[in-house]
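Colleague: Got a structure for you, written out below as structure tokens; questions coming shortly.
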Amino acid sequence: MPKKGYKQTKEHRGLIKKSWERPGHREMMSEKHIGQIPWNTGLTKETDERVRKISDKNKGKNHYLYGKHPSKTHRESLSKASKEVWTRPEHREKMSKLRSGENSPMYGKHPSLKTRKKSSDSHKGNHHTEESKRKIGDGSRGEKNHNYNKHLPKTTRDKIGKANKGKIWTEEQKEKIRGKNNSNYGKHFSDERRRKMRKNRLHQVFPVKDTKIEVKMQNTLREKNIIFEKHKPIMGQPDMFIQPNICIFCDGNYWHNLEKSKKRDKIVNKFLEEKGYIVLRFWEHEINNNINNCIEKVNSVIKNS
């Protein structure tokens, strides 16, 4: 045990470094400590005086690296050594187990708004190089993606959906994804990629919350014991779908009266009818003023189909 105030000489540090470079030394030291429980396990600076002293000793100007600026060669050597360690599959697996679930240092913690803002501000103005962007993209595609082949439980999906409901984007946030600021600006996707994007889009419900006329129609169909499916992932994403081939759309008086919406609705109707579907469109005023008449039309189509 070194005495208080003892400082290693340059020669001594060199000997220690050489000992760690000896073949098998790291493995020996690793095996030696397997199964040993660290003395500070479960202790915090609030509950233990020793931990508090060590923490205070390494803060601010007391830290041994305070005011020091490692040279470029030193930083490069550190980066190279770190990268070499993380290329080992066994090391990545070990670190993943050590930091997953309850072992994660952030498990159960909820950073305050001030902390989150501080973290966000620290990253502002940082711009990745094209090479860096490519590496990040390649490292998160397909099987490399941390969510690859994972199926989130319904409780998690509901939690994510609830967190995003009712969010209103500010003009500043909208400006960040417009034009040249958009991550897809200037990109040209292949036909295969566009097909996949269109297919995935069919499973996304917009708007997230059903409109008043949709809810009114749904409730009335349930009262009449008519079984239906909401937002079926087919062309146009019908508001309600009744087996085997009946598509019901509830159109708002304003939005669906716009020229752009009219053209889109005609394209959707034509596509679905060519595929053998029966399309029923009800206006907002029809549902609000005489919903029973709308239900009668639905029943009539069900009987004849």
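Colleague: Taking 8 Å as the Cα distance limit and 6 or more residues as the minimum spacing, I'd like the relative contact order of segment 212-304 as a percentage.
Modeller: Values: 95 pairs, mean separation 24.9, N = 93.
Answer for segment 212-304 is 27 percent.
Colleague: Okay, next question. Tell me the angle of helix 72-86 to the major Cα principal axis of the chain, expressed in degrees between 0 and 90 and rounded to the nearest ten.
Modeller: The answer is roughly 60 degrees.
Colleague: Continuing with the same structure: Using 25 Å as the Cα-Cα cut-off, could you pick out the over-long pairs in Lys199/Lys270; Lys135/Lys176; Lys216/Lys303; Lys232/Lys266; Lys216/Lys262; Lys83/Lys196? Walk me through the numbers on the way to the answer.
Modeller: Values: Lys199/Lys270 19 Å; Lys135/Lys176 23 Å; Lys216/Lys303 22 Å; Lys232/Lys266 18 Å; Lys216/Lys262 23 Å; Lys83/Lys196 35 Å.
Flagged as over cut-off: Lys83/Lys196.
Colleague: Then there's this: Out of segment 1-82, which GluC sites (Glu not before Pro) are coil in DSSP terms and have no more than 15 other C-beta atoms within 10 Å?
Modeller: Numbers: sites: Glu11, Glu21, Glu27, Glu31, Glu46, Glu49, Glu76; in loops: Glu46.
Here the sparse-neighbourhood loop sites are Glu46.
Colleague: Still on this model: Could you pull out every one of the lysines with an alpha carbon less than 18 Å from that of Lys97, ignoring same-chain neighbours closer than 8 positions?
Modeller: Lys144, Lys150
Colleague: Relative contact order for the chain: what is it in percent, counting Cα pairs under 8 Å that are at least 6 residues apart?
Modeller: Numbers: 135 pairs, mean separation 21.0, N = 305.
Reported relative contact order: 7 percent.
Colleague: Show that you can apply the helix-only estimate: for the chain, add -39,500 (n - 2.57) for every DSSP H stretch of four or more residues, divide by all residues, and state [θ] at 222 nm to the nearest 500. Write out the running numbers ahead of the final one.
Modeller: Details: 14 runs with 150 residues, N = 305.
After summing the helix terms and dividing by residue count, I get -15000 deg cm²/dmol.
Colleague: What chymotrypsin sites (Phe, Trp or Tyr not before Pro) does segment 13-74 have in DSSP loop regions with at most 16 other beta carbons within 10 Å? Before the final figure, lay out each step's value.
Modeller: On the way: sites: Trp20, Trp39, Tyr64, Tyr66; in loops: Trp39, Tyr64, Tyr66.
Here the chymotrypsin sites (Phe, Trp or Tyr not before Pro) that fit, given the DSSP loop and packing criteria, are Trp39, Tyr64, Tyr66.
Colleague: Report the convex hull volume per residue for segment 1-118, counting only C-alpha atoms, in Å³.
Modeller: Details: hull volume 25.7 nm³, N = 118.
Dividing the Cα hull volume of segment 1-118 by its residue count gives 218 Å³.
Colleague: A follow-up question, please. Among the chymotrypsin sites (Phe, Trp or Tyr not before Pro) in segment 205-305, which ones are in a DSSP loop with at most 15 other Cβ atoms within 10 Å of the Cβ? Mind listing them? Don't jump to the answer; show the numbers that get you there.
Modeller: On the way: sites: Phe228, Phe241, Phe249, Tyr254, Trp255, Phe271, Tyr277, Phe282, Trp283; in loops: Phe228, Tyr254, Tyr277.
Hits after loop and neighbour filter: Tyr254.
Colleague: To continue, here is another question. Can you grab the distance from the C-alpha centre of segment 281-304 to the C-alpha centre of segment 117-147, Å, no decimals?
Modeller: 51 Å
Colleague: I've got another one for you. Give the lysines reachable from Lys117 as a straight Cα distance under 17 Å; neighbours fewer than 8 places away on the same chain don't count.
Modeller: Filter leaves Lys109.
Colleague: Could you list log10 I(q)/I(0) for the chain at q = 0.10, 0.16 Å⁻¹, which the Debye formula gives when each Cα is one point scatterer?
Modeller: Ignoring solvent entirely, the Cα scatterers give -0.92, -1.67.
Colleague: Let me ask another. What does the charge dipole of the chain about its Cα centre add up to, to the nearest 20 debye, if the Cβ of each Lys and Arg holds +1 and the Cβ of each Asp and Glu holds -1?
Modeller: 1720 debye
Colleague: Run the paramagnetic zone check for Asn126: 7 angstrom along Cα to Cβ, then residues of segment 45-83 with backbone nitrogen under 19 Å.
Modeller: In segment 45-83, the label zone of Asn126 (backbone N under 19 Å from the point 7 Å along Cα→Cβ) covers 70, 75-76, 78-80, 82-83.
Colleague: Continuing with this model, one more query. Where Lys and Arg each count +1 and Asp and Glu each count -1, what net charge lies around His91 among other residues with Cβ under 12 Å from its Cβ? List each step's numbers first, then the result.
Modeller: Details: positive: Arg26, Lys83, Arg88, Arg92, Lys94, Lys97; negative: Glu84, Glu90, Glu93.
The answer is +3.
Throughout, read-outs are computed from the coordinates displayed, never taken from laboratory work. As the structure is a computational prediction, the values presented were derived from the model and not from experiment. We place every Cβ from the backbone using ideal geometry, glycine too, and count neighbours over all the protein chains shown.
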